[in-house]
1. Taking into account only those residues within the stretch 216-244 that are among the charged types (D, E, K, R) and surrounded by 12 or more Cβ atoms within 10 Å (Cβ to Cβ), which is farthest from Leu31 (Cα to Cα)?
2. Quick check on Arg89: is it farther than 20 Å from Thr189 by Cβ, touching a Lys or Arg at 6+ places or on another chain (Cβ under 7 Å) and among the basic types (Lys, Arg)?
3. Using beta carbons and a limit of 8 Å, which pairs, at least six apart or on different chains, have the first residue in the stretch 168-190 and loosely packed, with under 14 Cβ neighbours inside 10 Å and the second one at pLDDT below 95?
4. Since Ala234 meets every condition but one in (1) free of Cβ contacts under 8 Å to residues at least 60 places away in the same chain; (2) part of a helix (DSSP H, G or I); (3) closer than 19 Å to Leu39 by Cα, which condition does it not meet?
5. Taking the criterion of being more than 20 Å from Leu162 (Cβ to Cβ) and either assigned to a strand (DSSP E or B) or in contact (Cβ under 8 Å) with a residue 40 or more places away in the chain (or both), would at least one residue in the stretch 115-134 satisfy it?
6. Do you know which of the residues in the stretch 35-72 that are among the aliphatic types (A, V, I, L, M) and in contact with a Ser or Thr (Cβ under 8 Å, 6 or more places away or on another chain) is farthest from Pro242 (Cα to Cα)?
7. Does the stretch 49-74 hold any residues that are of a type in the set (A, V, I, L, M, F, W, C) and outside any helix (DSSP H, G or I), and which are they?
Amino acid sequence: MSPGRVAASILPLEFDSVGYTVGGRPLVRELSFRLEPGLRTLILGPNGSGKSLTLRLAHGLLRPSSGSVRWHGAAPERVRGDQAMVFERPVLLRRSVLANLEYALALKSVPRRARRDVAFEFLRKTGLESLAQRSARVLSAGEQQRLAIARAWATEPEVLLLDEPTAVLDPGAARSIEKLIDAIAGSGTRIVMTTHDLAQARRLADEVLFLWEGRLLEHARADEFFDRPESDRARAFLRGEPMW
């Protein structure tokens, strides 16, 4: 990451008493936390706890019903160019693998003459170079997710939001995505990710946000959360007990 990017950091990310309500039903309740640079954050919790909603609120796809979301004091839509999001089921263009990356680079205002070289650089990093001319829509699930991650990584975001990126993948494909996440974090990009896979969370997390019914119950270092969770709900979740 360039020195200029560091000087103009969009972090910290701050949620201040954020609520999100649909049809009178609160799905996120009084959510407050602050994410600093330098860590990998895993957001955990049972289905329906608000994990994906939290990422969408951070990315600016949803607006809070109450409270505020701020990236270093700015609204999410003001820093969209410095943060990217990859979804559980990637949204790909009806174009070639290469064209998907080139389109993202065009939106980032990368000069036309440089786009192909940059695109191939990230295809190599994600093991997709040999598939450059193939239609993105005929790739396997694992290849499509790698393409979605390559496309996001190529734009050099300061923060990458990943929503259950391995949920529909077989174990081998999932581990290849984890290796990419390690590489992206090693390049200086801040990772904020949801997962339902506790073993994966143990491998990847520096810190954990644990949500239950739209509330934040714990925000702790990963080792503290997994070894000494403070709440009964977190202990039950880690034991694999039913959460209703």
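1. Asp223
2. Criteria not met by Arg89.
3. Pairs that qualify, where the first residue is loosely packed, with under 14 Cβ neighbours inside 10 Å and the partner is at pLDDT below 95, are Ser187/Met1.
4. Going through the list (1) free of Cβ contacts under 8 Å to residues at least 60 places away in the same chain; (2) part of a helix (DSSP H, G or I); (3) closer than 19 Å to Leu39 by Cα, Ala234 breaks only (3).
5. No, the stretch 115-134 contains no residue that is more than 20 Å from Leu162 (Cβ to Cβ) and either assigned to a strand (DSSP E or B) or in contact (Cβ under 8 Å) with a residue 40 or more places away in the chain (or both).
6. Top of the filtered list is Leu35.
7. Result: Leu61, Leu62, Val69, Trp71, Ala74.
Let's see how each residue does on (1) over 16 Å from Arg215 (Cα atoms); (2) of a type outside the set (Asp, Glu):
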residue: Gly19; (1), (2): no, yes
residue: Leu27; (1), (2): no, yes
residue: Glu36; (1), (2): yes, no
residue: Leu62; (1), (2): yes, yes
residue: Val79; (1), (2): yes, yes
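The values are calculated or read from the model by the stated rules, or taken from the named source; none is laboratory data. The shown structure was predicted, so the numbers you read here are calculated from the model rather than taken from an experiment. No Cβ is skipped: glycine too gets one built from the backbone with ideal geometry, and neighbour counts run over all protein chains shown.
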